Every structure is written in structure tokens, then in C-alpha cells.
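See structure below.
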Amino acid sequence: MGNRARIGIGIVSGDVFWVQVNEAIHRRCLEHSVELVPIFRSSFFAALTEDERTALLEEIASQELDALVGWSFPESLSYAVLEMGVPIVHVFETVVEHPLCISPVG
């Protein structure tokens, strides 16, 4: 067996649909030896100072994630994470265009 994949997940909602999505993701990850790392931070959606942005990106980098899955991350943070080589799977449409980024449409 190879290295265990580490996927950052940022899908947080009390809506029944998203609760079911989260449960399905967790079940599949257990079946495939994938480690889920919670990455939701309210600071993703707040205006960040340059120091806060740098600290957040360093925190994401330190997690050594193979990919991020979640809500549409702010454009500036998305590009910075993508440039670190971490793919992002947005669960909603995004304007971010990058070879390592995917969203439901586009």
C-alpha cells in the first residue's frame, strides 16, 4: 500500500443535502484509506491582512494536502494555494481558472 492521501475538506453546512454529502465523503475515504483534514476557517471569507493571509497559506502548506475540496474559496487564496501545487475541487462554480482547479460547471 502506498502513502495515504490527505484531502482537506471544507464543506460545513447543517443542510440535509450537505450533511449527506459529508457522510458519503467520509465513508468513501475510509474505504480507500484517505485521510480527511478539516480546513474550514471563517477567515477564508473575511478580508485578511497580508500577515493573516501569509499565516493561513503557511497553515495550509504545513498540512501537506494532496487536494482541497469545499466551498468556493476566495479567488486570491485559491490562486495562491493552486500555485503551491495543491489542486482545488470547488463544490460551487468559480471564476478561478487553473489546470489544478475544477468546479461543477466550466
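The values are calculated or read from the model by the stated rules, or taken from the named source; none is laboratory data. These figures come from a predicted structure and were not determined experimentally. When we count neighbours, we look across all protein chains shown, and the Cβ atoms used for this are built from the backbone with ideal geometry, even at glycine. Ligands, DNA and RNA are excluded from the accessible area calculation, which covers all protein heavy atoms including side chains. Shrake-Rupley method; radii C 1.70, N 1.55, O 1.52, S 1.80 Å.
Set side by side, the residues I11, I60, I7 differ, and just one is touching a Phe, Trp or Tyr at 6+ places or on another chain (Cβ under 7 Å) and of a type in the set (A, V, I, L, M), which is I11. Regarding the range 60-68, can at least one residue be identified that is part of a helix (DSSP H, G or I), surrounded by fewer than 13 Cβ atoms within 10 Å (Cβ to Cβ) and modelled with pLDDT of 90 or more? There is at least one residue in the range 60-68 that is part of a helix (DSSP H, G or I), surrounded by fewer than 13 Cβ atoms within 10 Å (Cβ to Cβ) and modelled with pLDDT of 90 or more. With respect to the conditions (1) free of Cβ contacts under 8 Å to residues at least 24 places away in the same chain; (2) not in a loop (DSSP other than H, G, I, E, B), H98 falls short on a single one, namely (2). Number of residues in the range 54-85 that are closer than 19 Å to A5 by Cβ, without any contact (Cβ under 8 Å) to a residue 60 or more places away in the chain and not acidic (D, E) equals 9. Exactly one residue out of V21, V86, V16, V12 is within 12 Å of the chain's Cα centre (by Cα) and modelled with pLDDT of 85 or more: that is V86. Among (1) open to solvent by 40 Å² or more (accessible area, probe 1.4 Å); (2) of a type in the set (V, I, T); (3) at pLDDT 90 or above, where does V81 come up short? Here V81 clears every test but (1). Considering P74, P104, P99, P87, the condition of being surrounded by fewer than 12 Cβ atoms within 10 Å (Cβ to Cβ) and under 18 Å from I11 (Cα atoms) is satisfied by P104 alone.
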